[in-house]
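One structure below.
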Amino acid sequence: MAEKFDVIVVGAGPAGTSCVYTLAKGGANVLLIERGEYPGSKNVMGGVLYRKMLEDIIPDFYKEAPVERQIVEQRYMMLDKESAATFSYKGLEWDQEPFNNFTVLRAKFDQWFADKAVQQGALLLNETVVLECIVENGRVIGVRTDRPDGDVYADVVVLADGVNSLLAKSLGFRKELRPDEAALSVMEVLKLDRTIIEDRFNLEGNQGCTFEIFGDSTKGILGTAWLYTNKDSLNIGVGAMLSGLIQHKIKPYELLDYVKQHPMLRKYIQGSEQQEYLAHLIPEGGFHSMGKIVGDGVLVVGDAAQMVNAIHREGSNLAMTSGVLAAETILSAMQAGNFSEQMLDSYRVNLMNSFVGSDLKKYKDTTHHFEKFPHYFNKYIPMLNKAASQMFTVDGTPKREKQRKIWREIGTAGEKFRIARDLYRAWRVMK
């Protein structure tokens, strides 16, 4: 007779493991299936982990988890070809427990997190591919794997199998991703001595710094680049919309090479040595791309449900929250002995009432707006940098005259009106 669990979770990323940990802690008999050699071997993200969501699951986790550095400074660079307008916040309150966020390396962190779920009583099965969900009378009752006699059954299956969830698509919960609903990111982990990192980024001890880079880093395509500090390595990467990459016929590794060689950035990575090269699809469609996330005997969480806040570059925190809410719903369903879509739909309701749903709704039109109007990046950022250069160049010209010159160079009254209109539109889609 095939093995039966209370719950099967497919995918050992932040969403899946959060779900499994909460379920196992609540007494459920749960199986976590991971296709990689170990959790984290195939998982990629820029590298920032937000504390609050994981601490709600494992209090004081950072005292034992393999985090790299606690972030004390966040920089935002508006990049042009030979200049950058940089805004930053550095706060030493972020250097005090319980901290704000951390950089992590997924290969280390995901293994640790999955081990914590196993300690709670979950069963972890690595190197196993789930081929399809087993459906009987319209209800998901298990999964079919690539192992011999690989059918496994459960009252509920949770799909945490990533942005391009084949399982959710096979159930008809979502359509194939369009190029304007996903970004392709590429990243390198660069080895660099920790003393050099601390000196170069003005850090002490385990303090860390993050760069979010807009404008010329993606050559006008909607997207961002980033540079994050680890203990003895750097994460540098760039992500751009698939639609933009296709339209401009640019390969993502070409963008990464461009960022690494940019005169405003190359000094930060000077002397480093490549350790890893990674690529990953990021769901950018947001609220409009979510599709169905609840069915009879099945829930969808994390990237598989398109839960990414593209504007604030947040994903792992949304994923963890969705995993916990799914687990809490399943535990209630177990008590009631009811695993119907109607019973499990409280997951969707609670998710939409949480910060996850609120933020996804808030920014639901933002990505498509900025992709539709690329001049926010290829026109206004260079304009900002040029104005800053003129104002900060001391050449004997009175400041009032400089201001008038900048105002004239913006263009005609009609062009000024269009800029004001664009700023208003940007405010509208992000308010």
- Task: Take the residues in the range 356-385 that are of a type in the set (S, T, N, Q) and over 19 Å from GLY285 (Cα atoms), then tell me which one is most open to solvent (accessible area, probe 1.4 Å).
- Result: ASN378
- Message: Looking for something within 30 Å of VAL186 (Cα to Cα), touching a Ser or Thr at 6+ places or on another chain (Cβ under 8 Å) and surrounded by fewer than 22 Cβ atoms within 10 Å (Cβ to Cβ) - is there at least one such residue anywhere in the range 8-24?
- Response: no
- Item | Within the range 55-87, considering residues that are over 30 Å from LYS386 (Cα atoms) and of a type in the set (Phe, Trp, Tyr), the one most open to solvent (accessible area, probe 1.4 Å) | TYR62
- Message: Checking the structure you have, find out if any residue of the range 273-291 is farther than 19 Å from PHE355 by Cα, touching a residue at least 12 places away in the same chain (Cβ under 8 Å) and of a type in the set (D, E, K, R).
- Response: yes
- Query: Does at least one position in the range 230-239 carry a residue that is free of Cβ contacts under 8 Å to residues at least 12 places away in the same chain and of a type in the set (Lys, Arg)?
  - Reply: no
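Considering each residue of the range 294-321, count those that are under 23 Å from VAL44 (Cα atoms) and buried (at least 24 other Cβ atoms within 10 Å of the Cβ), and give that number.
16
Out of all the residues in the range 272-284, is one or more open to solvent by less than 10 Å² (accessible area, probe 1.4 Å), within 24 Å of GLU212 (Cβ to Cβ) and within 19 Å of the chain's Cα centre (by Cα)?
There is at least one residue in the range 272-284 that is open to solvent by less than 10 Å² (accessible area, probe 1.4 Å), within 24 Å of GLU212 (Cβ to Cβ) and within 19 Å of the chain's Cα centre (by Cα).
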- Counting just the residues of the range 256-282 that are at pLDDT below 95 and hydrophobic (A, V, I, L, M, F, W, C), which one comes out nearest to ARG200 (Cα to Cα)? LEU278
- Task: Sort out which residues of the range 126-146 are of a type in the set (A, V, I, L, M, F, W, C) and open to solvent by less than 50 Å² (accessible area, probe 1.4 Å), and write them in order of number.
- Result: VAL130, CYS133, ILE134, VAL140, ILE141, VAL143
- If only one of TYR347, TYR363 is among the aromatic types (Phe, Trp, Tyr), modelled with pLDDT under 95 and outside the structural domain of TYR424 (by TED's automatic domain parsing), which one is it? TYR363
- Would you mind finding the one in ASP149, ASP155 that is open to solvent by 40 Å² or more (accessible area, probe 1.4 Å) and either under 21 Å from ALA305 (Cα atoms) or of a type outside the set (Phe, Trp, Tyr) (or both)? ASP149
- Mind counting the residues in the range 170-195 that are open to solvent by 50 Å² or more (accessible area, probe 1.4 Å) and under 21 Å from ASN309 (Cβ atoms)? 2
- Task: Could you give me the residue pairs with C-beta distances under 8 Å whose first residue belongs to the range 74-103 and is under 19 Å from GLY205 (Cβ atoms) and in contact (Cβ under 8 Å) with a residue 40 or more places away in the chain, whose second residue is of a type outside the set (Gly, Ala, Ser) and assigned to a loop (DSSP other than H, G, I, E, B) wherever it lies, and which are 6+ apart or on separate chains?
- Result: PRO98/ASP60; THR103/ASN230
- Query: When only residues in the range 234-247 that are more than 17 Å from LEU79 (Cβ to Cβ) and assigned to a helix (DSSP H, G or I) count, which is most open to solvent (accessible area, probe 1.4 Å)?
  - Reply: GLN247
- Task: Could you run through the range 386-405 and say how many residues are farther than 20 Å from ALA420 by Cβ, open to solvent by less than 50 Å² (accessible area, probe 1.4 Å) and in a helix (DSSP H, G or I)?
- Result: 2
- Lone qualifier among SER88, SER18, SER83 - being under 27 Å from CYS133 (Cα atoms) and of a type in the set (Ser, Thr, Tyr): SER18
- Message: Being of a type in the set (Asp, Glu) and free of Cβ contacts under 8 Å to residues at least 12 places away in the same chain is true for just one of GLU341, GLU415, GLU371, GLU328. Which residue is that?
- Response: GLU415
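The values are calculated or read from the model by the stated rules, or taken from the named source; none is laboratory data. All values reported here derive from a predicted model rather than from experimental measurement. Glycine also receives a Cβ, built like all others from the backbone with ideal geometry; neighbour counts cover every protein chain displayed. We work out accessible area using only protein heavy atoms, side chains counted, and drop any ligands, DNA or RNA first. Shrake-Rupley method; radii C 1.70, N 1.55, O 1.52, S 1.80 Å.
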